[in-house]
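Right, one structure below, let's go through it.
The values are calculated or read from the model by the stated rules, or taken from the named source; none is laboratory data. These figures come from a predicted structure and were not determined experimentally. Glycine gets a Cβ as well: all are built from the backbone with ideal geometry, and neighbour counts include every protein chain shown. All accessible areas refer to the heavy atoms of the entire protein, side chains included, with ligands and DNA or RNA removed. Shrake-Rupley method; radii C 1.70, N 1.55, O 1.52, S 1.80 Å.
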Amino acid sequence: MAAMTTWRLPNPPQLLVEPMDDHVVCFVQATGATHLFDAFPAEVLAELQAGPSSTEALAAHLADRLSLPTAELTPQLAALLSNLQGLGVLEETVA
């Protein structure tokens, strides 16, 4: 059985997320950095605020919501998730 990657937001107060129009502002306490993200990362973070999710589940839900083919969205989403993890905005768990 293959390992499944799940993404989640760090627990508050480690990460503070504030929506701003169609953007989102994130403050990462561990690094002291503040990040401003546009609509696509904002959608991903909004999904993960509801709870942890796998890349596949996120891609399927966002593809449906944004009216895009899942196969087209998945590589972009995977790159974004990796970048957000590098910034300390997301945490990855493998089960």
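Accessible area per residue (1.4 Å probe, heavy atoms of protein chains only) ranks T34, T55, T93 as T34, T93, T55, with the largest value leading. For region 1-47, the Cα gyration tensor yields ellipsoid semi-axes of 22, 16, 8 Å (square root of five times each eigenvalue, largest first, whole Å). Between E47 and V28, the distance separating the two model label sites (each 7 Å from Cα on the Cα→Cβ line) works out to 2.0 nm. Split the accessible area of the chain by element, probe 1.4 Å, and carbon with sulfur accounts for 57%. For the residues E72, E92, a 1.4 Å probe over the protein chains yields an accessible-area ranking, largest first, of E72, E92.
How much mean residue ellipticity at 222 nm does the chain get from its helices, if each DSSP H run of length 4 or more adds -39500 (n - 2.57) and you divide by all residues, to the nearest 500 deg cm²/dmol? Don't skip to the end; give the middle numbers.
Numbers: 3 runs with 40 residues, N = 95.
Per the formula, -13500 deg cm²/dmol.
Using 0.36 nm times the number of residues separating H35 and S82, minus their current alpha carbon distance, what extension gain do you get? Each step should come with its number before you reach the end.
Numbers: separation 47, 0.36 × 47 = 16.92 nm, distance 1.52 nm.
Extra length available between H35 and S82 comes to 15.4 nm.
Name the shape class, rounded, prolate or oblate, that the alpha-carbon gyration tensor gives for the chain, where a ≥ b ≥ c are the square roots of its eigenvalues, rounded holds for a/c under 1.5, and otherwise prolate holds if a/b is larger than b/c and oblate otherwise.
oblate
Here the chain is assigned +1 on the Cβ of each Lys and Arg and -1 on the Cβ of each Asp and Glu. Its dipole about the Cα centre then comes out at about 240 debye.
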